[in-house]
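Inspection log for the structure reproduced underneath, given as structure tokens.
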Amino acid sequence: MASVRVAVRVRPLIKREKEVSAKVIIHMEGSTTSIDCNKKHLSKGTPGTGLKDRGRQSFSYDFSYDSTDVGSPNFVPQEKVFKDLGCDVLEAAFDGYNACVFAYGQTGSGKSHTMMGSPGDFGLIPRICEGLFCQISEKSQGDVASFRTEVSYLEIYNEHVQDLLTTKKSPENGSGLKVREHPKDGPYVEDLSKHLVQNYKDIEKLLHAGKAKRTTSSTGMNDVSSRSHAIFTINFTQARFDAELPCEMVSKIHLVDLAGSERADATCATGARLKEGANINKSLVTLGIVISALGGDRGGSHKGKRKKQLFIPYRDSVLTWLLKDSLGGNSKTIMIATLSPADVNYSETLSTLHYANRAKNIFNKPTVNEDSSVTVIRKLQEEIVRLKRLVEKNNQALLSPQDLSKTLKVEEKLHKNEVKVLELTREWTNKWGETQNILKEETVALRKQGIGVVMDSKLPHLIGIDDDLLSTGTILYHLKEGRTLVGRDEASSNPDIVVHGAGLLEEHCVFENRDGVVTLIPQTGALCSVNRLETTQPCQLTQGAVIQLGRGTIFRFNHPKEAAHLREQRKCCAVGYISNKEKTHLQRNASSTSSKLSL
């Protein structure tokens with residue numbers, strides 16, 4: 001069991017608050033946060049767990065961060081927030097646990113600054129991502145462990161889920177992506193793209209791309225108000241051998257920047273902005289109900305009384321449904337409540353403090369997420385140890401024929417388990433090794449697109465089109481700068497690409513890559529064709545060309561730079577900006593591709 005850790009952070013006064021001569025009403029000392037009560041609230045009091053002292057109400061949290069005055073010795077910078085909270089997230093991830101950090105507060109209270117930060121003053125999300133790859137780099141030395149990292153980025157706008165990292169257009173009906181629930185893995189977003197990343201720069205590009213697509217708008221309380229909840233998810237897999245047994249753990253890290261709660265009169269919202277605010281408040285109210293239900297259930301279970309099983313309305317909001325595992329489930333969760341220090345925001349600030357105070361009572365049940373096949377291997381190994389002890393014990397005793405028969409059966413079971421462990425370990429090692437060989441190639445990138453997986457490369461390459469019905473894999477061959485020899489494995493010259501099939505020579509052909517121009521050079525007597533046209537002379541290849549070697553070995557040629565250039569020409573053609581000559585060239589390439597598809 002682990003309780004949700006709660007931190008509160010107060011930002012400096014902003015220009016709008018200074019213009020109305022707002023007073024600072026938030027005070028912090030250690031882990032205690034206090035708020036000066038308004039006179040109208042002093043007489044009737046405010047319900048809650050806070051302590052009133054000389055017109056102040058105090059709350060105790062795990063962390064209280066005072067960021068009101070940069071010149072103050074008590075000022076808490078972004079680095080301090082990361083060391084206290086972000087390092088715990090990274091530790092949980094490397095230990096195999098799920099983790100979640102979400103920021104809550106009224107609009108303009110500093111949530112996005114805390115989570116994303118600004119140029120030169122990064123927030124939690126970029127710092128956690130950078131820290132992840134720093135630790136991966138350290139732990140990867142000596143090939144002690146292998147790692148795979150995938151990310152996704154979504155927003156919940158008007159209760160609809162949108163993918164912030166896809167190039168596909170959103171559904172015309174505006175319904176967004178569907179949220180489903182897996183019986184074991186919990187809620188997930190159907191068709192959400194996942195992008196494989198090799199380093200922090202890859203993540204940084206995706207963060208910028210997603211941030212640019214996120215829905216923001218100017219309101220009366222914030223010039224750049226987030227009009228959607230954003231969830232950046234890191235799927236982190238690590239594998240290694242631990243005491244000669246495989247160990248594979250998968251951790252999911254949710255980094256959530258919520259839209260701010262707001263009052264319509266304060267934001268001066270009308271029309272679409274008013275509808276957005278209503279949907280934002282709806283999901284935040286549901287989040288509050290979920291937090292209250294989870295926290296209250298724990299709080300009312302003292303004196304040995306049986307707990308009453310409460311209904312938790314996770315599905316009343318898309319936000320709470322997606323955060324189901326992070327609230328009362330399998331996750332180590334941190335909540336950051338951001339505050340305005342100004343007296344003009346007294347009601348919203350006090351509400352946020354109570355909100356955060358209730359979250360302290362939530363208890364999650366984080367467990368290590370181990371790969372299922374690895375779990376089977378580990379359990380079999382435990383059974384082997386038990387059986388070995390039993391056999392040793394029986395061998396030391398004088399056994400009757402009946403007991404001897406039982407011992408032989410135990411030994412037989414022991415042998416079968418040992419064989420099964422070896423077989424499963426070999427399969428796991430081969431699977432992970434093949435994956436890592438692909439990922440180590442920096443020019444190759446994999447990403448999940450809907451229910452499919454897209455494999456991208458920056459270099460000219462060949463994709464094998466295998467006519468073997470039993471083949472289930474896809475082979476990509478890079479065409480290096482210079483000459484790439486293709487031939488059979490018995491060739492004395494050690495071909496770069498080894499091919500099998502009818503009509504192939506030991507040294508069949510050469511692909512020559514000079515400054516990005518790739519030429520197919522058939523060897524003497526070799527059967528080669530490009531787009532169904534047989535060739536015996538050097539032939540320059542174009543994007544999408546279909547190459548047949550011998551009588552059945554087929555490849556598709558891809559040239560990423562040329563493909564990108566053709567896409568730009570197609571865009572220009574659509575608006576009438578290219579010449580007839582360029583149109584003819586574009587049509588010829590399209591024809592080449594279509595002939596390949598019909599093959």
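Figures for the structure shown
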{"item": "Of all residues in segment 546-571 being under 35 Å from the mean Cα position of the chain (by Cα) and of a type in the set (Lys, Arg), the one that is surrounded by the most Cβ atoms within 10 Å (Cβ to Cβ)", "result": "ARG556"}
{"item": "SER175 being open to solvent by less than 40 Å² (accessible area, probe 1.4 Å) and at pLDDT 90 or above", "result": "no"}
{"item": "Pair list, Cβ under 7 Å, 6 or more apart: segment 336-354 residue part of a strand (DSSP E or B), other residue surrounded by fewer than 21 Cβ atoms within 10 Å (Cβ to Cβ) and among the charged types (D, E, K, R)", "result": "ALA342/GLU17"}
{"item": "Of the criteria (1) of a type in the set (D, E, K, R); (2) out of contact with any strand residue (DSSP E or B) (no Cβ under 7 Å at 6 or more places or on another chain); (3) closer than 30 Å to LYS23 by Cβ, which one LYS365 fails", "result": "(3)"}
{"item": "Cβ pairs under 7 Å, 6+ apart, first in segment 181-205 and under 14 Å from SER152 (Cβ atoms), second among the aromatic types (Phe, Trp, Tyr) and surrounded by 15 or more Cβ atoms within 10 Å (Cβ to Cβ)", "result": "PRO187/TRP321"}
{"item": "Count - residues of segment 520-545 that are part of a loop (DSSP other than H, G, I, E, B) and surrounded by 11 or more Cβ atoms within 10 Å (Cβ to Cβ)", "result": "13"}
{"item": "Per-region count, segment 325-336, residues modelled with pLDDT of 90 or more, within 18 Å of TYR188 (Cβ to Cβ) and of a type in the set (D, E, K, R)", "result": "0"}
{"item": "Among residues of segment 14-40, those that are surrounded by fewer than 17 Cβ atoms within 10 Å (Cβ to Cβ) and either aliphatic (A, V, I, L, M) or within 27 Å of PHE363 (Cβ to Cβ) (or both), counted", "result": "5"}
{"item": "Strands (runs of 3 or more DSSP E) lying entirely in segment 80-168 (those with 2 or more residues that are among the polar types (S, T, N, Q))", "result": "145-157"}
{"item": "Boolean, VAL290 is closer than 30 Å to VAL376 by Cα and either open to solvent by less than 10 Å² (accessible area, probe 1.4 Å) or at pLDDT 70 or above (or both)", "result": "no"}
{"item": "Those residues of segment 470-506 which are in a strand (DSSP E or B) and more than 17 Å from PHE555 (Cα to Cα), in sequence order", "result": "GLY482, ARG483"}
{"item": "Within segment 500-519, tally of residues that are surrounded by fewer than 19 Cβ atoms within 10 Å (Cβ to Cβ) and β-branched (Val, Ile, Thr)", "result": "2"}
{"item": "Qualifying residue in segment 475-483 (condition: β-branched (Val, Ile, Thr) and surrounded by 16 or more Cβ atoms within 10 Å (Cβ to Cβ))", "result": "no"}
{"item": "Any pair with Cβ under 6 angstrom, 6 or more apart, that starts in segment 499-528 at a residue that is more than 17 Å from GLY482 (Cα to Cα) and ends at one that is hydroxyl-bearing (Ser, Thr, Tyr) and surrounded by 14 or more Cβ atoms within 10 Å (Cβ to Cβ)", "result": "VAL499/THR553; GLY501/THR553; CYS528/THR535"}
{"item": "Check on GLY120, under 18 Å from LEU323 (Cβ atoms) and at pLDDT below 90", "result": "no"}
{"item": "Selected residue (only one of ILE312, ILE280 is buried (at least 17 other Cβ atoms within 10 Å of the Cβ), assigned to a helix (DSSP H, G or I), of a type in the set (Val, Ile, Thr) and at pLDDT below 90)", "result": "ILE280"}
{"item": "Checking VAL250 against (1) at pLDDT 85 or above; (2) open to solvent by less than 10 Å² (accessible area, probe 1.4 Å); (3) outside any helix (DSSP H, G or I), the condition it does not meet", "result": "(2)"}
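The values are calculated or read from the model by the stated rules, or taken from the named source; none is laboratory data. Values in this document were obtained by computation on a predicted structure and should not be read as measured data. Neighbour counts are summed over all protein chains in view; Cβ atoms, including those assigned to glycine, are modelled from backbone coordinates with ideal geometry. Remember, those area values only see protein heavy atoms, side chains included, never the ligands or the DNA or RNA. Shrake-Rupley method; radii C 1.70, N 1.55, O 1.52, S 1.80 Å.
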